[in-house]
1. Can you give the Rg to Rh ratio for the stretch D:350-447, taking only C-alpha atoms and Rh from Kirkwood?
2. Which whole-number percent of Cα pairs in the stretch A:126-259 have a distance greater than 26 Å?
3. When B:I98, A:I227, C:I21 are ordered from fewest to most other Cβ atoms inside 10 Å of their Cβ, what list results?
4. Starting from the Cα of B:Q23, step 7 Å along the direction of its Cβ; do the same at D:E379; then give the gap between the two resulting points in nm.
5. Give me a comma-separated list of calculated 3J(HN,Hα) values for the stretch B:260-276, in order, Karplus coefficients 6.51, -1.76, 1.60 applied at θ = phi - 60°, integers in Hz, x for any Gly or Pro.
6. Expressed as cubic angstrom per residue, what is the convex hull volume of the alpha carbon set of the stretch D:161-256?
7. Spelling out what I want: for every residue of the stretch A:174-179, take phi, set θ = phi - 60°, compute 6.51 cos²θ - 1.76 cosθ + 1.60 (Karplus), and round to whole Hz; glycine and proline get x.
8. Do the sum for chain C: with -39,500 (n - 2.57) for every DSSP H run of n ≥ 4, divided by all residues, what is the mean residue ellipticity at 222 nm, to the nearest 500 deg cm²/dmol?
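Please treat every number below as a calculation from the coordinates, not as lab data. Predicted model, so just to flag it, every value in this text is computed and none were measured. Every residue, glycine as well, gets a Cβ built from its backbone with ideal geometry; the counts of neighbours run over all protein chains shown.
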Amino acid sequence: MAVILDAKGLEKSFGAVTAASNINVAVEQDAVVGLIGSNGAGKTTFLNMVTGYLKPTAGTIHFEGRDITQLAPREITRLGICRSFQIPQLFNTMSVLDNLLVGVGIVAAAGSKWGTRNSAYDNPVRAVDTMLEQFGLGSYRNRQAGLLPEGTRKLLDIAMAMVVRPRILLLDEPTSGVSADEKFVLMDMVMAAVKEHKVTVLFVEHDMDVVARYTDRVLAFYEGRIIADGAPAKVLDDVEVRRFVIGSHAAPAGAASHA
Amino acid sequence: MKLDRTSFAILAMGAILLIAGPQLPSWMVSMLNVSLCYGTVVLGMMLLMRNGIVSFGHGLYFCLGAYAAGLLDQMLKMPDMLLMVGAAVVVTGVVSAILGLLLAKYRDIFFAMLSLAFSMILYGLLVKTASLGSTDGFNVAAKTVGGFAVAPESQRLMVYSLAVVFATVSAFFLHSYLASHQGRLAGAIKDNELRVEYMGASVMRVVHRNYVISAVLAGIGGALMAVNIGHIDPEMTYWPQSGEFVFVAILSGTGSVFAPLGGALVFEAIRSFAYEYSPNTWQMVLGITMLLVMIFLPGGLWSLFTRKREG
Amino acid sequence: MSQFIAVLVDGIVYSSWLFIIAVGLTLIYGVMKILNIAHGSLYALGAFTSVTLCGLWFNAGLPPMGSYLMLLLSAILVGLVAGPVIERGLLRFMYGKDEVVLVLVTYALFLILEDLIKLIWGVDPLFITGPGGESPYSLLGNFEVAGLTYPNYNLVLIAVAVATGGALAWALAKTRSGKLLLAVIHDREVSAALGINVGRIYFVTFTIGAMLAGVGGALTAPTVSVVTGMGAEVIVLAFAVVVIGGLGSLPGAALGALIVGLVRAAAVHYLPEVELFSIYFVMAVVLILRPKGLFSGAEVRKI
Amino acid sequence: MIAKALGTMLTGIALAAVTAAPALAQQKTSVKVGFVTFLSGPASGPFGVPAKIAAEAIVESLNAGKAPAPYQIKGIGGLPIELVVIDEAGGATKQVSEYRTLVQRQDVDIVIGYIGSGDCLAIAPVAEELKKLTVLLDCGTPRVFEEGSYKYLFRTRPHATMDAVAATMYLLDNRPSVKRIAGINQNYAYGQDSWNDFEATIKVMKPGVDIVTSQMPKFGAGQYGSEISALHSANTDVVHSSLWGGDLEAFMLQAQPRDLFKKSVLVLVAGEPYLHRLPGKIPDGTIVGARGTNGVFAPDSPLKRWLVETYKGKSGGIDPNYPAYSTAQAFLGVKAAWEKAAAKKVGSAVPMGAAKGVKEEMEKAYQPPTQEEVIAAFEKSSFDTPSGKVHMTLGKGHQAVTGTAYGTTRLENGVVKVGNIKYYDADRVNPPEGVSSLDWIRSGFKR
């Protein structure tokens, strides 16, 4: 499999605080990668560096062989790396439909400049409706985004990343704030959409059940470093990971059995 | 292009105003004329407000448009109304394209304040320019339209008709613009700039474009006002003038392109009658009106109409 | 050299005056996020009130030195009457609205107060003068610097500016209410959640802010002729000062006042032609280089 | 919804149009005068409100027929005057709208007013377009009739050039040795013009003088500390100033304790109205003018006594200042022209024996004069006013000239008195017809 995203020697410090040090990750096409680690371990910092919100102090990030280290979020999005947010970033006064139509409009307006992908949306409204059904948002179509329940907000947030046709999708805690029984429903829908469009996924997650069930690779962060990298079963069973990352979390053995 | 109901209504309004012009009493034509000039500026304010941005210095472009028109008459001896509006478009377009590069990064009160500073610098420059009459300004007289001479007795009607045409075209254009992807994008920027950037659009570029459009609309309004009033002075870029545009924009609401035009007319009517019937306290009348609108109609006068629909 | 000293002295005197006017504006903005255009009217109100009170004082044949007390009393009156009336009667219904809408609310208030002042005091310029021509401006005598005579009243302005700034800085840093105030400035919602009575803090802040505007007006009154429209002239100047310094910042207001004061004095002495727009030019330059003014809070990370 | 909004708007317009349809022509029972003056803002105190008080006092007195000769006829031509007062604040743009309202909605017969020069310039072409007799009250700029030529527009007070010219003459007569000149004037058109005229005049009349500094504080600045230091450091013999209103008073309050005028003589071209307000603050020896022979410079006459008396009755005992005199000039000019036109009409309507139509002819002759007839009588007329005779000689008979005067102040028993008054004839201080003011000054006052 071809490497689609390649981060080498990433460092990030805020004054005296080191948020990331010597991060080396190569992600292959179509992989589903889970990022785990306690709060402040550097997962979101990594996501923010890949999407251009933060500029690394040192190191490089390549996407499909192209150096994107110094690009702005907008340019990175256009190339095909899109993301969702821990706190959903919606257009709160607009309808769910319009939230997604904004993205469709941006893609359509960009024309041939939309990375390497096809930017044509023959029928924007129908395309969005299809997507809404796929994400189970059909019944919320004309509701104001600001008034949606939290789980629905999360879904819409992810749908907004999907609507601009990513090659890589970065999800920041997709299931946080979502009730336990909804988590898997949400993740099933997201994964179905991702598989259909052949999108590579990296997601930050605290729920080890979710990690074990959906990923085929896990990166464990601790104090700005990656302390383990590999298949979920192996990483989740790692002693260091269990000590520093999972701690009193759910028993890893059961999780590993899913994989 | 498919026309929606609002587009038809705009064109109908333009046609009715054109036909009604000669029948209306002349003071009403004057009031409508001033309102249309104002309304055109406020259309631009509305576009900015859709982006979540308020300029406290739009007098800058109102004034630049007027001076572009005036100088065409004064220096180049080309008193043609269409050329004047054209000159205003060019000048305000160029200046706003340059200042917009800076301003597009600013938001909220800082956008308001930096635009205020720019408008006050223009004020200072014009006050220092004795050859343009300093604070007294100078008179502007337009004598032809597109090269055709206009008889003096029909000049008022011509000026009015031109204001109707330009306001209608501006409203029509702005409505189509807002109904398109661009309009939705403006609302999206107001709601969440971060997300817009993460959907791959340049917020800066959108804000810049909308700033230029709003500046050009203000310029058109300024040129029309110069021709209508027949006199221009630096007061047009002094801060109370800019404040008045914000005032009318808030009074109107941003719900529809009709709001700025209607709001400008309501404002002009209130102001004119307050001057007449309460010459010592007209400011108080305006202030109280404004407070009442902001307390009871937070969406501006336009919400009176949308409320009915919902109810 | 002597001209340079004159620039310094003129500049510092003018800066002190600016600071006294601007400090209430920046305080109110910092706490309540209201850029209060009506600050200009409160300033005018302070000036008009002090003309009336000093007039009564002089007419009663009381010792002229007491007129300073009347200036102080005017400022307190404006703060204690106009402040609560405006905050309780109008502003509290507006909290939570957009900043720009709040500016417009105060603009409406400004229009109303302008006419109100006109209705109470008329349109004739007024000034403070006793039966023998005494005025708080000249009572204290003069001092000389670089061959120029200055009234000692200018020293009063400097002293009041320093004292006001110092007192506010001390109160914010050292007192319990000051710390509560800082908490509200930092995050209104969290403060409310922590049980801080935000409404009360707003009430007190606005009253103090109004009082500071009143101090500005009362101290200006003896040096000028008090006339309708004086608030309008001052408010944009005060905006420039606080925007240059960084909205809501106390040291910012001080630095902004100093910059504007010195630039203006230098312009008057060396290049009178540019005086008119020197201030707005400085304001534009500062905003271009530092978009939120010289003293601005750090950007908060959003994601 | 939109259609509804549109409908509401247009119905409103149509309704207003119907109700506003002009009333059927009626017999004239009064002369409706639109009077525009500053009722708010910095110019209202010193200019606007005194003008309004004067207008109200004069109208009341004229309507009661109490004015002295030659103005004993009640009102204007026997018709009572009805005043409509409008605030001049808000800038030229608004004033043009308000002017249109006055003429078209209020249907006034005459508009008298405007103190701001910008407003005067802006109103001029509109008066012409609407064909409405309009008399400019107090604005100073010479540009109105130098840049344009009007039929319906008159200005019954002289423009400001003579203030500078006469000030220079007076200064050089009394202080022939001045070498260093400085100025402090507001940074707006009137302030700039005043200084430019003064500078040009003194350079012509006394070549070689040094212009040491020209301070141009912002209009309404209020704080003049730096300017006073700059003027002080400049070591000037003369400080020229056209400051007025609150700005002038603030400047005097701040300058006086700083000994600025120990070494420099102050020339206040428009200082007269403030003398009674600033006792002790105006240094002895200050040269003051009143923009014409107004106020203390007005020669004693029954008309002057009438103005002072009627004005004081309305102002609570305060003497009229020069804007009040300007107001009197405007009203009396119109009245004189109107009555002259009426008299001419009657005089020329000779009854032709018992021929048919005599009655009609006579009735027509006793109708009020038409606007065109008033204008014909107004052009190039001369009339008496409380400030002496006014001659409508410039601007093809539409722009007044008068003489002017300057004097020197001294404090006597707590009251500022003006002494050493010198009068300057209209011809000496005003440019001839067809020559712009600045050209006339630069040509060395050629006639």
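1. Values: Rg = 22.5 Å, Rh = 17.8 Å.
The Rg/Rh ratio comes out at 1.26.
2. Every Cα pair in the stretch A:126-259 considered, those over 26 Å come to 28 percent.
3. Working: B:I98 11, A:I227 18, C:I21 29.
Ordered from fewest to most neighbouring Cβ atoms within 10 Å, B:I98, A:I227, C:I21 come out as B:I98, A:I227, C:I21.
4. Between B:Q23 and D:E379, the label points sit 4.0 nm apart.
5. x, 5, x, x, 4, 5, 4, 4, 4, 5, 4, 4, 5, 6, 5, 4, 6
6. Numbers: hull volume 8.5 nm³, N = 96.
That works out to 89 Å³ per residue.
7. Residue by residue, the stretch A:174-179 yields x, 9, 5, x, 9, 5 Hz.
8. Details: 11 runs with 212 residues, N = 303.
For chain C, the value works out to -24000 deg cm²/dmol.
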